[in-house]
Amino acid sequence: MSGRYNRPDRNFTGKSRKLKELMLKSDNRTCADCSGSDPKWASANIGVFLCLKCSDVHRSLGPEISKVLSVTLDEWEDADIDSMIEVGGNSYANSIYEAFLPQGYKKPRPDASIEERTNFIRSKYELQEFLKPSLRIVSSKMSFRNYDSINSMKTSGSSFSMKKIEEDTREFVGDINVKVVKGTNLAVRDIRSSDPYVVIHLGQQKVQTTVKKSNLNPVWDEVFKLRVPQHYGPLKLQVYDHDLFSADDIMGEAEIDLQPMVTSALAFGDPSVFGDMQIGKWFRTSDNALIDDSIVNIVDGKIKQEVSLKLQNVESGDLDLELEWVPLEE
């Protein structure tokens, strides 16, 4: 892209528009490595947006590790735009590259020294110390292999893709058990209370919990199994107040991004061969309903994820869920 990127009369291609939309997401408005504000650079093959200081370190790693481009000055090839869009931005990339960041490890801040910044970036991308060893990238085109579960998981073109782990000709990639645990401080829709229930959508599938009478802090502990299609979208949740004589009132809604769990599950294969460990993360941002970062773990040979959500478009209410991945063969 050229310096005319932000001019209103600029003739954007469809891909350029998508890249601009990606740039405007809240998690891409800070540097992926030091959280510096308003990043103007990007690593096209890794798929992250960077500040000037971090981009200088990336450039020193060489283009075979990080292909650095200016988002305002450089002309972008379609393949580079595709790479950025396919990864999905800083949160998705960091959920992989920082999945095994040691507890208490402090990332560089925007005012970090060049030495601190270089050590972290080299550890993260060149040495891949925070990535599961069997997922480490082994080629100059930034493809990676998982020797524990998949013979060859390659990215599209030169990008490190979290969205396409492997071409799968099946209609579904797995099942997911969704446990609706509880609601907290739900909104009042009757005189003093509500009769809440939860509706869950995934693609064309729809399931519903039981109704809890006069309860703003209901405990459901109900589990539903849903099939995850190859081209899946978010898991959509809606909470309603049950009424006998009128339409049920909405009590809030939220979405769960399944990508961190599905990506981790497909990458690790059979979780029973691993000990308990963290394998992925869905980061809390202003664009999602997460109350805290949601960690994907292997627990007792199962891939699980606890999710706490602040219900949207409502005055109050939280929802706690637990997800569990179930391979198709089970």
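We did not get these values from a lab; they are worked out from the coordinates using the rules stated. None of the values given here were measured: they were computed from a predicted structure. Using ideal geometry, Cβ is built from the backbone for each residue, glycine included, and neighbour counts are taken over all protein chains shown.
A compact table of results
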quantity	calculated
Packing rank of 83-89, 66-72, 266-272, where each peptide gets the mean count of other beta carbons within 10 Å, highest leading	83-89, 66-72, 266-272
Region 211-301: C-alpha gyration tensor shape, a/c 1.5 cut-off, then a/b vs b/c	prolate
Modelled FRET efficiency - R0 51 Å, Thr72 with Lys213, Cβ distances, 0.05 increments	0.35
Label point distance in nm, Asn185-Tyr105, each placed 7 Å from Cα along Cα→Cβ	3.4
Gain on full stretching of the segment that runs from Leu328 to Lys236 - 0.36 nm per residue minus C-alpha separation	30.9 nm
Anisotropy class of region 72-113 from Cα gyration tensor, a/c 1.5 cut	oblate
Förster radius 25 Å - calculated FRET efficiency between Met277 and Phe172 (Cβ-Cβ, nearest 0.05)	0.45
Ser316-Arg59 pseudo-label distance in nm [points 7 Å out on the Cα-to-Cβ vector]	5.3
